[in-house]
1. Here is a check on your reading of the model: is Ala68 part of a strand (DSSP E or B), in contact with a Ser or Thr (Cβ under 8 Å, 6 or more places away or on another chain) and modelled with pLDDT of 95 or more?
2. Where residues in the stretch 128-137 are buried (at least 20 other Cβ atoms within 10 Å of the Cβ) and among the small types (Gly, Ala, Ser), which of them is nearest to the ligand (Cβ to nearest atom)?
3. If I filter the stretch 120-127 for residues that are within 14 Å of the ligand (Cβ to nearest atom) and either touching a residue at least 60 places away in the same chain (Cβ under 8 Å) or surrounded by 15 or more Cβ atoms within 10 Å (Cβ to Cβ) (or both), do I get at least one hit?
4. Restricting attention to the stretch 9-25, which residues are crowded, with 24+ Cβ neighbours inside 10 Å and in contact with an Asp or Glu (Cβ under 6 Å, 6 or more places away or on another chain)?
5. Could you look through the stretch 279-299, keep only residues that are of a type outside the set (D, E, K, R) and assigned to a loop (DSSP other than H, G, I, E, B), and pick out the one that is most open to solvent (accessible area, probe 1.4 Å)?
6. Since Leu286 meets every condition but one in (1) within 16 Å of the ligand (Cβ to nearest atom); (2) at pLDDT below 95, which condition does it not meet?
7. Among what's in the stretch 231-243 and is among the aliphatic types (A, V, I, L, M) and outside any loop (DSSP other than H, G, I, E, B), pick the residue that is surrounded by the most Cβ atoms within 10 Å (Cβ to Cβ).
Amino acid sequence: MNDNNQQTKRHRVVIAGGGTAGIPVAAALLRADSGIDVAIVEPSETHYYQPGWTLVGGGDMRAEDTRARTADVMPSSATWIQDAVAGFEPDHNRLTLASGAVLEYDYLVVAMGLQIDWESIDGLTDTLGANGVTSNYRYDLAPYTHELAKSLGNGANALFTQPAMPIKCAGAPQKALYLTADTLRQRGVKANIAFYNQGGAMFGVPAYARELDKIIAGYGAIPYFGHNLVAVDGAKQQATFETQDGTVTADFDMLHVVPPQSAPDVIKNSPLAGDAGWVTVDKNRLTHTRYDNVFGLGDCTDTPNAKTMAAVRRQFPVVVSALRKAMGGSTTADEYDGYGACPLTVAHGTVLLAEFRYNGEVVSSFPLDPTRPRRIYWPLKKHFFPWLYWHVMLKGKPWSLPKPKPRADLSA
Ligand code: FAD
């Protein structure tokens, strides 16, 4: 039901954000009890499967297969309020919407994702989508990444950037590099490929970082650490980086940019935010640290896990069980262990399936060494995970993959 024509209304449960996290919470809650009055505030007509954008950028998936109409993923018995949250007033159990309407609730779930700070890089927005400047972090730009990979010639400079953490899918900046480098290799083109990383390692979990050091070297690509992209001059095809020793400028023919990311401004400016701007929740229970009737999940919270769809997959049943307990529908609530996963597409047809939990603990869903890239994971990334997303996760159905096992031997 679409309800965007209201002034002050009240719902038992309000979910702010109907993306990867918000829809499964609503669907699972309504599966448990179809009589619950659930409203979702979601401004966008379109719902995206963002993990597919890496494959679109590699030419391995069609962009249109990563999107659906929001109306088609909305649970039929939830109320869709097609509006944007403009302010939170948790002391009064209400929020204001961009339309000026006020929405009251008994329980609030915050699932608004994060904002990509495109404007924070000087000159970037003037040239995105032209002059060789691209980003898999936008639906409309991901196809341009592959167009560039198909058009670069010998001696071209292809640069890839990674900002300060946290970002969603920390592996996505280097996935763009590997698929582009593999396309160039298949075409027999010898380009100068470089990875400019604000951080100091290829990945936050050392066991995977060691393997990725070898993979990037195998492409002859050079990683530069401690380099933060601050400006892009599209006309001159130059990128400027800040380093400890001053600024460095590099010429490019292709520049894949991943900008800094932060909590949405409306969260930053609300009582729900902690010092860093994210919604502060208990990292295992996903309940707000100050408001008992507020829950948070997905990219917008301060939980120290990797911001991924894989994390949301484990988080949404926890939020639903906490809500059910709070509403008296059950006596127990589950806990989230920090699980996250990153299927690193290290070549067309090959994936390193990095799985981990809180504190960088390596885990594995399969009885195989998880640090090894394998061809058998490619069909998972390309076919199985998207299918599971559209047909299982968004329907709020339990996920029946084996529980990942700790790998103490790889966690040091
Ligand atoms: P989103 O899915 O972004 O949803 C947030 C929703 O909130 C949106 O629908 C938005 O419209 C809505 N919203 C925003 N502002 C407001 C407002 N003011 N009021 C109301 N609603 C609002 N994850 C993986 O697990 N594996 C991968 O391989 C992977 N690859 C990725 C590759 C790329 C290029 C990208 C960009 C992401 C990737 N991810 C991957 C990460 C994954 O997509 C996110 O972690 C996931 O989408 C987070 O879900 P979310 O609901 O928190 O945010």
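The values are calculated or read from the model by the stated rules, or taken from the named source; none is laboratory data. Computed from a prediction, not measured in an experiment: that's the story for all the values here. FYI the Cβ positions are ideal-geometry reconstructions off the backbone, even for glycines, and counts take in every protein chain you see. Calculation scope for accessible area: heavy atoms of the full protein, side chains included, ligands and nucleic acids excluded. Shrake-Rupley method; radii C 1.70, N 1.55, O 1.52, S 1.80 Å.
1. yes
2. Ser135
3. no
4. Gly18
5. Within the stretch 279-299, the match that is most open to solvent (accessible area, probe 1.4 Å) is Thr289.
6. Going through the list (1) within 16 Å of the ligand (Cβ to nearest atom); (2) at pLDDT below 95, Leu286 breaks only (2).
7. Among those residues, the one meeting the criterion is Ala239.
Yes/no per residue for (1) aromatic (Phe, Trp, Tyr); (2) under 24 Å from the mean Cα position of the chain (by Cα); (3) more than 15 Å from the ligand (Cβ to nearest atom):
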site	(1), (2), (3)
Ala142	no, yes, no
Ala149	no, yes, yes
Ala156	no, no, yes
Ala194	no, yes, yes
Asn197	no, yes, yes
Phe203	yes, yes, no
Ala217	no, no, yes
